[in-house]
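Before any comments, here is the structure.
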Amino acid sequence: MKYKAYLIEQTDDQFNGSVKELDKPAIEAGHLIISVHYSSLNYKDALASTGVKGVAKAYPFVPGIDVVGTVLESADERFSEGDIVVATGYKIGMAVHGGFGEIVHLPADWVLHLPENMEMFDAMSIGTAGITAAACVKKIIDSGISKDLPVLVSGATGGVGSVAVNILSKLGYEVHAITGKTDEDKTLLDMGATEIIQRSDYMAEPVRALDKAIYSGAVDTVGGDMLAKMISMISNEGAISCCGNVGGMKFTSSVFPFILRGVSLIGIDSAESPIELKKELWRLLSSEWQLDLKSQTKEINLDTIGEEVNKILQGQQVGRIVIKHGA
């Protein structure tokens, strides 16, 4: 049996993607073969698609760290043929072929049954970005951040940032959104942001060891100097979830926010999170945290993935990109 996939191939130092037909793998013990209905495009997928070192294990390769679909074959007693399942992160789209193919062969331990009241498209409008956002929000809420002050979100039009804005707004927090895009104010307001801050304005003043404490918490998807400045502006007993490094892997801060205000800096790695945490996050996102992201989600097919990869690498992505397999 053959299936279609967006395959990245390497020629010398060049990496190019195209739709190819591949052979369906033979099932291994403890694994599932899944017919993928939808996947989604994340920053890590874009990196894998362009050959950035340390993302994909080897080439030729099929990216796609998110998968939702139906079980074709099961070699694990927890799943049966026809089950609707979802999988995000772990080594999907990194060490094993991912959701940019119509079929995936995954360890059952990486897979969950999709919540009954969630549609497959909606699951991929959330995807890894949304699970990461949910993990960020859960961590700062569990830290006890106050609703008396706003919560700050960086990279607010991106995949993680946009879902974080949506969730925080739904939960009744005042959300201030930082963006580098000058023409997306309406989009951010529709997501639930109450104030939009241009990145250039926010970073115009140098980072201080301790700045005015005007935020109760923050979700940072950027890293670098942006994170350093956000830390300095968090109020007493506040918390920041950090999950990105597009603005830089390093930052320079002071101990003052931590020892004078009791600020917590929390790292988020949703890809390798325990499967039970992912199960809880999917439960929240299908119940009290349920979102309608359709207006913020663009649906594409395999033939147009390359265009969207270029956009995300150029910082032009807004909201979420879902890849549909089949007609």
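For this structure, a couple of remarks:
- Cβ separations smaller than 7 Å between residues 6+ apart or across chains give the following pairs from the stretch 195-224 residues that are assigned by TED's automatic domain parsing to the domain that holds Ile240 and at negative phi to residues that are assigned to a strand (DSSP E or B) and surrounded by fewer than 18 Cβ atoms within 10 Å (Cβ to Cβ): Ala213/Asn236.
- Some residue of the stretch 197-217 being within 29 Å of Ile259 (Cβ to Cβ), modelled with pLDDT of 95 or more, crowded, with 24+ Cβ neighbours inside 10 Å and out of contact with any Asp or Glu (no Cβ under 8 Å at 6 or more places or on another chain): yes
- Subset tally (residues that are in contact with a Phe, Trp or Tyr (Cβ under 7 Å, 6 or more places away or on another chain) and closer than 22 Å to Lys279 by Cβ) for the stretch 87-106: 3
- Which numbered condition Ser273 misses (of (1) in the same structural domain as Val163 (by TED's automatic domain parsing); (2) surrounded by 14 or more Cβ atoms within 10 Å (Cβ to Cβ); (3) on the phi < 0 side of the Ramachandran plot; (4) in contact (Cβ under 8 Å) with a residue 60 or more places away in the chain): (1)
- One residue alone among Val263, Val322 is touching a helix residue (DSSP H, G or I) at 6+ places or on another chain (Cβ under 9 Å), free of Cβ contacts under 8 Å to residues at least 40 places away in the same chain and crowded, with 19+ Cβ neighbours inside 10 Å, and that residue is Val263.
- Among residues of the stretch 136-160 being of a type outside the set (Val, Ile, Thr) and crowded, with 24+ Cβ neighbours inside 10 Å, the one that is nearest to the chain's Cα centre (by Cα) is Gly159.
- When each of Gly155, Gly144 is tested for being more than 20 Å from Ile126 (Cβ to Cβ), in contact (Cβ under 8 Å) with a residue 60 or more places away in the chain and small (Gly, Ala, Ser), the lone residue that passes is Gly144.
- Out of Phe79, Phe61, sole residue that is more than 19 Å from Lys278 (Cα to Cα), among the aromatic types (Phe, Trp, Tyr), assigned by TED's automatic domain parsing to the domain that holds Leu106 and touching a residue at least 24 places away in the same chain (Cβ under 8 Å): Phe61
- Residue under evaluation Ser74, criteria (1) modelled with pLDDT under 95; (2) more than 29 Å from Gly315 (Cβ to Cβ); (3) among the polar types (S, T, N, Q), criterion not met: (1)
- Test for Glu276: is it out of contact with any Leu (no Cβ under 8 Å at 6 or more places or on another chain), under 30 Å from Lys91 (Cα atoms) and assigned to a helix (DSSP H, G or I): yes
- In the stretch 202-256, residue nearest to the chain's Cα centre (by Cα) [restricted to those that are among the β-branched types (Val, Ile, Thr) and not in a loop (DSSP other than H, G, I, E, B)]: Val219
- Candidates in the stretch 34-82 are the residues that are surrounded by fewer than 24 Cβ atoms within 10 Å (Cβ to Cβ) and of a type in the set (S, T, N, Q); of these, the one that is nearest to Ile305 (Cα to Cα) is Thr50.
- Residue satisfying all of: in the stretch 276-297; modelled with pLDDT under 90 and more than 15 Å from the chain's Cα centre (by Cα); surrounded by the most Cβ atoms within 10 Å (Cβ to Cβ) among these: Lys294
- Filter result (part of a strand (DSSP E or B) and among the hydroxyl-bearing types (Ser, Thr, Tyr)) within the stretch 174-201: Thr179
- With respect to (1) at negative phi; (2) buried (at least 24 other Cβ atoms within 10 Å of the Cβ), the lone exception for Thr187 is condition (2).
Residue-wise test of (1) part of a loop (DSSP other than H, G, I, E, B); (2) more than 23 Å from Ile196 (Cα to Cα).
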position	(1), (2)
Val104	no, yes
Asn117	yes, yes
Ala123	no, yes
Ala129	no, no
Ala133	no, no
Val137	no, no
Ile140	no, no
Asp148	yes, no
Ala156	yes, no
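The values are calculated or read from the model by the stated rules, or taken from the named source; none is laboratory data. This is a predicted model, so every value here is computed, not measured. So basically every Cβ, Gly included, is an ideal-geometry build from the backbone, and we count neighbours across all protein chains shown.
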